[in-house]
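Working notes for the structure below.
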Amino acid sequence: MKKIAIVEDETAIRENYTEMLSAQGYQVVGFADRASAELAFSQSLPDLAIVDIGLGHEVDGGFLLCQTLRSLSKTLPIIFLTARDSEIDTVCGLRMGADDYLTKDISMAHLAARIGALFRRLDAFDQPADQTALLHRGPLKLDTQRMQVFWQEQLVDLTVTEFWMVHSLAQRPGHVKSRNELMSDAKIYVDDSTITSHVKRIRKKFIALDDAFDCIDTVYGMGYRWEQA
């Protein structure tokens, strides 16, 4: 049974998530503040951590906790689940090593789907590669089983959301995907500016590996498309 830790200072919200995830078959443990979570994590790590940013009197306590978790484990899945939806907070959370950044208006069903996707990605690492799960587009290779993306044989370190956005674009090169379509394919519900921020971060991650990368084309007023290299 997978163990999920929820770090949320509002009791009602923490209990709601605990009840929902327990009903999904997970073992769930809740923490109201950073100190109690860090004490528990120093002794035993969960299989996944769901963290709010504001924890009690600590406005950015969740960010500090994320840094602690990353120092303890480079692979532990971390999801920020917060009411803070600014681009700055999203960028900070992802740069600190979170696997996903979700806002609290996400439905329970979608949250469960994102958690399941993270666990499938981890479980897939121990499985032999499935050739039917591979998508090739020139120097791009996507492995939908392991939820990994490679560019010129180099691993691109994408979050779950970023993976599905790249997958959505690369499935049909030259076809314009609207922001709404990208949201639907990535199973997120955010405003247009957040989609724009995701695309900017995706581009930066590819460019970090190849400064000539220019396969994600902005079609103004319409959306984005993947241009074959």
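The values are calculated or read from the model by the stated rules, or taken from the named source; none is laboratory data. Owing to the predicted nature of the structure, the values given are computational and were not obtained by experimental measurement. Using ideal geometry, Cβ is built from the backbone for each residue, glycine included, and neighbour counts are taken over all protein chains shown. For accessibility, only protein heavy atoms count, side chains too; no ligands or nucleic acids. Shrake-Rupley method; radii C 1.70, N 1.55, O 1.52, S 1.80 Å.
In the set (1) in contact with an Asp or Glu (Cβ under 9 Å, 6 or more places away or on another chain); (2) part of a strand (DSSP E or B), the condition left unmet by Thr196 is number (2). Contact map, the stretch 192-210: residues that are more than 14 Å from Thr159 (Cα to Cα) paired with residues that are open to solvent by 60 Å² or more (accessible area, probe 1.4 Å) and assigned to a helix (DSSP H, G or I), Cβ distance under 6 Å, separation 6+ or inter-chain. No pairs are found. Scanning the stretch 204-229 for residues that are touching a Phe, Trp or Tyr at 6+ places or on another chain (Cβ under 7 Å) and part of a helix (DSSP H, G or I) gives Phe206, Ile207, Leu209.
Report yes if Ala186 is surrounded by 15 or more Cβ atoms within 10 Å (Cβ to Cβ), of a type outside the set (Phe, Trp, Tyr) and out of contact with any Lys or Arg (no Cβ under 9 Å at 6 or more places or on another chain), otherwise no.
Working: surrounded by 15 or more Cβ atoms within 10 Å (Cβ to Cβ): yes; of a type outside the set (Phe, Trp, Tyr): yes; out of contact with any Lys or Arg (no Cβ under 9 Å at 6 or more places or on another chain): yes.
For Ala186, the condition - surrounded by 15 or more Cβ atoms within 10 Å (Cβ to Cβ), of a type outside the set (Phe, Trp, Tyr) and out of contact with any Lys or Arg (no Cβ under 9 Å at 6 or more places or on another chain) - is met.
Table: residues versus (1) open to solvent by 60 Å² or more (accessible area, probe 1.4 Å); (2) closer than 20 Å to Leu135 by Cα; (3) at pLDDT 95 or above.
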residue	(1), (2), (3)
Asp192	yes, no, no
Ile195	no, no, no
Ile202	no, yes, no
Phe206	no, yes, yes
Phe213	no, yes, yes
Ile216	no, yes, yes
Tyr220	yes, no, no
Tyr224	no, yes, yes
Ala229	yes, yes, no
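Restricting attention to the stretch 157-179 and to residues that are touching a residue at least 24 places away in the same chain (Cβ under 8 Å) and open to solvent by 50 Å² or more (accessible area, probe 1.4 Å), the residue that is nearest to the chain's Cα centre (by Cα) turns out to be Asp157. Can you confirm whether the stretch 136-156 contains a residue that is surrounded by 15 or more Cβ atoms within 10 Å (Cβ to Cβ), farther than 24 Å from Ser197 by Cβ, modelled with pLDDT of 85 or more and more than 17 Å from the chain's Cα centre (by Cα)? The answer is yes, given that some residue of the stretch 136-156 is surrounded by 15 or more Cβ atoms within 10 Å (Cβ to Cβ), farther than 24 Å from Ser197 by Cβ, modelled with pLDDT of 85 or more and more than 17 Å from the chain's Cα centre (by Cα). Here the strands (runs of 3 or more DSSP E) wholly within the stretch 1-110 that include at least 1 residues being crowded, with 20+ Cβ neighbours inside 10 Å and among the acidic types (Asp, Glu) are 100-103.
So for the stretch 4-14 (the condition being out of contact with any strand residue (DSSP E or B) (no Cβ under 6 Å at 6 or more places or on another chain), farther than 17 Å from Thr68 by Cβ and of a type in the set (Gly, Ala, Ser)), does at least one residue qualify? Full working, then the answer.
Of the stretch 4-14, the ones out of contact with any strand residue (DSSP E or B) (no Cβ under 6 Å at 6 or more places or on another chain) are 8, 10-13.
So of that shortlist, the ones also farther than 17 Å from Thr68 by Cβ come out as 10-13.
With of a type in the set (Gly, Ala, Ser) added as a condition, the list becomes 12.
Yes, some residue in the stretch 4-14 is out of contact with any strand residue (DSSP E or B) (no Cβ under 6 Å at 6 or more places or on another chain), farther than 17 Å from Thr68 by Cβ and of a type in the set (Gly, Ala, Ser).
Table: residues versus (1) farther than 25 Å from Met20 by Cβ; (2) of a type in the set (A, V, I, L, M, F, W, C).
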site: Leu102; (1), (2): no, yes
site: Leu135; (1), (2): yes, yes
site: Met147; (1), (2): no, yes
site: Trp151; (1), (2): yes, yes
site: Asp157; (1), (2): yes, no
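Restricting to the stretch 118-135, count the residues that are β-branched (Val, Ile, Thr) and at pLDDT 75 or above. The number of residues fulfilling the criteria is 0.
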